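All of the numbers you see were taken from the coordinates with simple rules; none came from a lab. Just so we're clear, the structure is a prediction, and the values are computed from it rather than from any experiment. A quick note on method: Cβ atoms are made from the backbone with ideal geometry, for glycine too, and the neighbour counts reach across all protein chains shown.
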Amino acid sequence: MEKGDDAIIISPENNDQISIPALQKDIPELALMKIKRQDFIKAQKDHGDLKTIYEQVLSQTTALNKSYSLVDELLVKNREDKLGNMVKLLVIPEGL
């Protein structure tokens, strides 16, 4: 795991499990939550706000395609950093 200016870049050790920062108030700041990849994808697809974005990116019907994309079924936000490099930020459903 690497820490950038505004984002934490997460590199899973295997494709079946993803480690993401645990953002709940009762969990220490640097703790990682482990979740199965398919469960995380399902959480993105089923989340109220993200469901619409996921479906629009999947069907490629709106301008959201420039802001969001799918990488191996994971919804990511595309962003340009301060140096002009394009980075992909994993979109974490609220409540995970």
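Close amide H partners of M33, meaning residues 5 or more places away or on another chain with modelled amide H under 5 Å apart, are I20, A22.
Dipole of the stretch 37-96, Cα-centred, from +1 at each Lys and Arg C-beta and -1 at each Asp and Glu C-beta, to the nearest 20 debye? Walk me through the numbers before you get to the answer.
Working: 9 positive and 9 negative charges, 31 e Å.
Roughly 160 debye, rounded to the nearest 20.
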